[in-house]
Every structure is written in structure tokens, then in C-alpha cells.
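Structure first, then comments.
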Amino acid sequence: MSAPTVTAPPPGSSPATPATTPPRTVRRPWTEHGLVFVGPFLVVYALFLLWPLLYGVKMSLGDDNITGTDSHFIGFDNYAEALRDPDVWSSLWNTVWFTVLSTVPLVLVGLGLALLAHHLRVVQWLWRLSWFAPFLLPSGVVGLLFLWVIYPSDFGFADQALASLGLHPGIGWLTDERYAMLSIVLTTVWWTVGFNFLLYLAALQAIPQHLYEAAELDGAGAWARLRNITLPMLRRTTGVVVILQILASLKIFDQVYIMTGGGPDDATRPILQYVYQSGFTGYRIGYASAVSYLFFALIVIVSLVHLRLTRRASEEGARS
């Protein structure tokens, strides 16, 4: 019997290797796109956000009351009434006026505190803690603190400070229409400036130190470094702080409700308090829903305008 012959592979070719079969995989589109992981969130999101949102639209198109009985579809009558209601416009003006008065000092004071904390080298942690700590207090604590300790006439801390400066005390901080809104603004600045301070402080720490060193070698002073390096590098953070502050100020409710109840003579009543009064004390849930959706549309418009302006500024900065 002759031995089997083995054929050699042609020159330049690699030796033959046994064929391998790739493992079989089961393709499941559900897990392939990650829906199995985001599914629980989507259920909760739809249950607690989308459904109340849609149900609120449905109530705004009817004459729903707080008992939920005898409601009928009335179309856009609630919206038309809200646009003609002088109380809606007065409370909306109070909200906008508070936003204007509070946004500027909250941005400037937050920036100033961040600059101080960034350059102070003695007990730096104490300054950061003391300026951020009020932001951690609940709104009820802050409102009662200023209502019973800071603003009471004659014996409150604010009047005592005026008396120590030789000024006339006894100002109706929360009972005089001329000072009530300003008093709420001062309370809000003391309470919430810590959040803006923290954002600015983080942004300051992210600025490269070599920029300041190069500017100092060129003879730039402290104000020149602030104007030409610090402020331009904080431009994006300032945009974020401004839009967050505007949105937060437009949603003011807690401190006004606790400190003045919207008074005196509705001089400090914000739009959200009017929504609350229309729905839960006036028992007109449908009308309150319509007012709240009009206010929601205003917030969306403000956000879109700010987004557009920010994007345009970024494009111009990139071209330059």
C-alpha cells in the first residue's frame, strides 16, 4: 500500500487553518437600543410629568372646579378671560418687576463673593461655607426669620441698624407698598446668592493660571487682569447664571406667600400666587390651569430668546 501524498501549499501562501464558526448571537432590538434600561424612567416620566401636563391642558379647556363635578368643555374661554383679567396682568407685572430687581444683584453679588473667596488665603473654607450656607435653608425658615427677626417695626434688626446709623427707623418693610417688594428682593438675595457664588467660584478655579502670569509679566495690573482675562473667561458662566436666575425669579412664590401673603394691597402678589388663589380659594381649577399655561408659555419664550442670543454671541465670538 502506498503512503498518502501530502500536497504542499503554493509558495507565498499561509498554511491552512481550520475554519472557525462565529458564535451565534441572539439580536434583541429591545436590549440593543438600551430601552430596557430607560424603560422604568420613561414610565415614571410619562406618569408624573406627561400625563399631568396633558390633563392640565384638558382642565384649562373646561370649567372644572375643585370638586371635579359638573365640568363642561368651554374651549378657549378661560384663556380669553385670563388675557382680559387685570389681576393677571398686575400679578404678572409684580413677577417681572421682582425678576428685574433680583437678577442684577444676584449676579453681581455672586460674582463679587466668588472673587473674594478665590483670592482670600486665610480660612478660605470659612468664607465659602458662610456665603453658601443660607442657600441650604428651607424657604419657610428664611421667610419666618425675616418676618419675625429682621423686618418687624421698631424692634427688628433692620430698624435697629437704621437707628444705629442715625436714620429714622419704623419703616414698614413688609406693610408699605414702597418697600415691600424691595424687602422681599433683599431676602431673596441673602438666601439664594450662594448658588451663583458656587458656580462662579468653580468657573474661576478653571481659568488657567498661566494667563494671569503672562499678563502680570506684561505689566497688567489687577483691574486690567480682571477686565481682560477674568470677565471674558466667565462669559459662559454668566450666561448660565443669568438664565437660571431669571427662570427661578419668575417662579417666585414661597417667600412672598410667607412674608406678605401678596400684600399690601396685592403689591407683591406674583402670578403663581394668583394661580393658587384662583384654583384653591376661588375653586376655579380650569381657569387657574389656563393662567398657569399662559405663564408657562412666557417662560418658554424667555428661554428660547436667551438661547438664541447666546448662540448668536457664540457664533460671533467664533468668527472673531
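Worth a mention:
- Rolling a 1.4 Å probe over the heavy atoms of the protein chains gives the chain an accessible area of 65 Å² per residue.
- Considering only Leu35, Leu144, Leu234, and ranking their Cα positions along the charge dipole of the chain that arises from unit charges at the beta-carbon of Lys, Arg, Asp and Glu, the one farthest toward the positive end is Leu35.
- The angle separating the long axis of helix 51-60 from the principal Cα axis of greatest extent in the chain is about 40 degrees.
- Mean Cα-pair separation over length for segment 173-320, i.e. relative contact order, pairs under 8 Å, 6 or more apart, %: 24 percent
- With Rh defined as the Kirkwood radius, the inverse of the mean 1/r over Cα pairs, the Rg/Rh of segment 171-320 is 1.12.
- Computed over the chain: relative contact order in percent, which uses C-alpha pairs under 8 Å that are six or more apart: 27 percent
- Fluctuation leader among Gly194, Gly75, Gly143 - the chain, Gaussian network, Cα springs under 10 angstrom: Gly75
- Among 208-218, 108-118, 144-154, the order from most to least packed when residues are scored by Cβ within 10 Å on average: 108-118, 144-154, 208-218
- Nearest-20 debye value, segment 58-115 charge dipole, Cβ charges on Lys, Arg, Asp, Glu: 400 debye
- Placing unit charges on the Cβ atoms only, positive for Lys and Arg and negative for Asp and Glu, gives segment 216-266 a dipole magnitude near 320 debye about its Cα centre.
- When the charge dipole of segment 134-289 is built from unit charges on Cβ atoms (+1 for Lys and Arg, -1 for Asp and Glu) and taken about the Cα centre, the candidate among Pro270, Ala202, Trp173 whose Cα reaches farthest toward its positive end is Ala202.
- Dimensions in Å of the chain - Rg and Dmax from alpha carbons: 30.9, 128
- Point-charge dipole on Cβ atoms (K/R +1, D/E -1) for the chain, about Cα centre, debye to 20: 1460 debye
- Relative contact order %, segment 64-196, counting alpha carbon pairs below 8 Å whose residues are six or more apart: 29 percent
- Relative protection proxy for 172-182, 226-236, from highest mean packing down: 172-182, 226-236 (other beta-carbon atoms within 10 angstrom).
- Coarse-grained scattering of segment 253-320 at q = 0.15, 0.21, 0.28 Å⁻¹, given as base-10 log I(q)/I(0) from a Debye sum over alpha-carbon atoms: -0.63, -0.88, -1.10
- Volume per residue for segment 65-183 equals 205 cubic angstrom (convex hull of Cα atoms).
- Share of carbon and sulfur in the accessible area of the chain stands at 68%, probe radius 1.4 Å.
The values are calculated or read from the model by the stated rules, or taken from the named source; none is laboratory data. Computed from a predicted model, the values in this text were never measured in an experiment. Ideal geometry is used to build each Cβ from the backbone, glycine not excepted, and the neighbour counts take in all protein chains shown. Remember, those area values only see protein heavy atoms, side chains included, never the ligands or the DNA or RNA. Shrake-Rupley method; radii C 1.70, N 1.55, O 1.52, S 1.80 Å.
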